[in-house]
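Every number in this text was worked out from the coordinates using simple rules, so none of it is lab data. Owing to the predicted nature of the structure, the values given are computational and were not obtained by experimental measurement. Note: ideal-geometry Cβ built from the backbone for every residue, glycine included; neighbour counts use all protein chains shown.
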């Protein structure tokens, strides 16, 4: 019971601290990428300390980002992108990816074929480079998050 309450307190504390960090950065005159980066750094620090609570705080903050933006008059548009890059890097550095997950199997080959088919289709249909790379970035962001949490 105490562990559950402690984990809940860590998540709530991380949410409040991340919102306060973004608000402080915004009030100090920082522009667009700095306030969400400040919040992402708080979430990444919690992930470094306690992985499960950090991922829970990331999910909760990402779900509440629009509400926090409205209440605190912030721009948190890039929060999830910055957070996923930081969390993925920390997962590799701190929590070490086990060797059993580093082999290329059917799932990885399937993902590679989807990426190649999507890129080929976009090139054939003359989709703009910005749209193509944005779509690939969103796909790779989701893949990175799934690998971190698995």
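From its DSSP helices (H runs of at least four residues, each -39,500 (n - 2.57)), the chain gives a residue-normalised ellipticity at 222 nm of -27500 deg cm²/dmol. The label point for residue 94 and the one for residue 48, both projected 7 Å from the Cα toward the Cβ, are 0.6 nm apart.
FRET efficiency for the residue 116 to residue 6 pair, using the beta carbon distance and R₀ = 41 Å, is estimated at 0.35.
Note on the chain: GNM, Cα springs under 10 Å; of 16, 30, 129, the largest mean-square fluctuation is that of 129.
Angle check, please: helix 2-27 long axis (alpha carbons) against the longest principal axis of the chain (alpha carbons), in degrees 0 to 90, nearest 10. So the inclination is approximately 90 degrees.
With the simple spin-label model, which puts each label point 7 Å out from Cα in the Cβ direction, the residue 78 to residue 125 separation comes to 2.8 nm. With the simple model of a label 7 Å out from the Cα in the direction of the Cβ, residue 106 to residue 144 spans 2.8 nm.
Ordering 111-123, 33-45 by mean Cβ neighbour count within 10 Å, with the highest value first, yields 33-45, 111-123. With the largest listed first and rounded to whole Å, the semi-axes of the equivalent ellipsoid of the chain from the Cα gyration tensor are 30, 23, 11. Once the Cα-Cα distance is subtracted from the 0.36 nm per residue extended length, the residue 60 to residue 133 segment shows a gain of 23.6 nm.
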